[in-house]
Amino acid sequence: MAKTSTTTQGLRAAIERSGYYPALVAEAVEAAVGGETIRSYLVHQETTFDANEVRRHVTVLVLTGTRFIVSHTDEQAADSTSPTPYATTSTESVKLGRISSVVLSRVVANPEKYVPGTPPREVVLTIGWGAVSRIDLEPAACGDPNCEADHGYTGNSTADDLSLRVSEAGDGPDAVRQTLAFAQCLSEATADTAR
């Protein structure tokens, strides 16, 4: 990457450690970050199974002083539109003031024996900024079991722009700790912009 700060070097090393098209991923992230200083980052590689194929993808989250940057890279097998395998990389830059929620769900084994400071075995980080919302609707009803009237619908709208699941078993304890640290830094940054 262009800058030589310790955080930037750490991000570059994490991208290279993921082993997932590091030159391609690093170039996309560098272009999105530009000249800003990196405050925190998270590199998350995930392998999924799709019918008879194994698919890999990597998500890189970067926090600067003014923006939250998401970079996502997927690989695709050769198909009718491309005779060779290919990868797609996208980046999105979000102003910190647009982030509406940072949700961190923790899964802890044996909660009755929990000792403060013990890392959870799994975390799910969900970040919302209003680009994608999910609406869950269901028919509304009243308390009268004999009522046949149409009461319309009821439901919930949930911001669900990004959700990452990181587990100790699948990703390792360091990945869980890095996710916790990134989530805390992002939460603090969004609180600073609300003031």
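The values are calculated or read from the model by the stated rules, or taken from the named source; none is laboratory data. The shown structure was predicted, so the numbers you read here are calculated from the model rather than taken from an experiment. Every residue, glycine among them, receives a Cβ derived from its backbone with ideal geometry; neighbour counts consider all protein chains shown. Remember, those area values only see protein heavy atoms, side chains included, never the ligands or the DNA or RNA. Shrake-Rupley method; radii C 1.70, N 1.55, O 1.52, S 1.80 Å.
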To the nearest 0.05, the calculated FRET efficiency linking SER93 and PHE49 through their beta-carbon distance, R0 being 45 Å, is 0.90
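Find the relative contact order for the chain and round it to a whole percent, using C-alpha pairs within less than 8 Å whose residues are 6+ positions apart. Intermediate values should be presented prior to the final figure.
Details: 331 pairs, mean separation 29.3, N = 195.
Contact order relative to length: 15 percent.
How do ARG55, ARG39 stack up against each other in accessible area, from largest to smallest, with a 1.4 angstrom probe? Mind showing how you got there, number by number?
Working: ARG55 60, ARG39 105 Å².
Of ARG55, ARG39, the descending order of accessible area is ARG39, ARG55.
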Over the chain, the sum of -39500 (n - 2.57) across DSSP H runs of at least four, divided by residue number and rounded to 500 deg cm²/dmol, gives at 222 nm -8000 deg cm²/dmol
Stretched fully, the stretch from GLN76 through SER100 gains (0.36 nm per residue minus C-alpha distance, one decimal, in nm) 5.4 nm
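Efficiency by 1/(1 + (r/R0)^6): what FRET value for THR84 and ALA149, r their Cβ-Cβ distance, R0 = 45 Å, to the nearest 0.05?
Values: r = 59 Å, r/R0 = 1.32.
The calculated FRET efficiency here is 0.15.
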Taking the Cα centre of region 1-62 as origin and charging only Cβ (+1 Lys, Arg; -1 Asp, Glu), how large is the dipole, in debye to the nearest 20? 200
Computed from the mean reciprocal separation of all distinct C-alpha pairs, what Kirkwood hydrodynamic radius does region 39-179 have, in Å? 18.6
Using 0.36 nm times the number of residues separating GLN184 and GLU27, minus their current alpha carbon distance, what extension gain do you get? 53.9 nm
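In debye to the nearest 20, how big a dipole does the chain give about its Cα centre with +1 on each Lys and Arg Cβ and -1 on each Asp and Glu Cβ?
Working: 16 positive and 25 negative charges, 206 e Å.
Magnitude of the dipole: close to 980 debye.
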SASA check, THR7, accessible area w/ 1.4 Å probe, all protein chains in place, rounded to nearest 10 Å², comes out at 40
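Given a Förster radius of 25 Å and the C-beta distance between HIS57 and ASP174 as r, what FRET efficiency does 1/(1 + (r/R0)^6) yield to the nearest 0.05? Don't skip to the answer; put the middle values down first.
Numbers: r = 20 Å, r/R0 = 0.79.
After rounding to 0.05, the efficiency reads 0.80.
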Can you list the HN-Hα couplings for region 76-91, worked out from phi with the Karplus curve (6.51, -1.76, 1.60; θ = phi - 60°), rounded to whole Hz and with x for Gly and Pro? 10, 6, 4, 8, 5, 8, 9, x, 10, x, 8, 10, 10, 10, 10, 10
Along the dipole axis of the chain (charges at Cβ: +1 for Lys and Arg, -1 for Asp and Glu; origin at the Cα centre), the most positive-end residue among VAL25, ALA191, GLY143 is ALA191
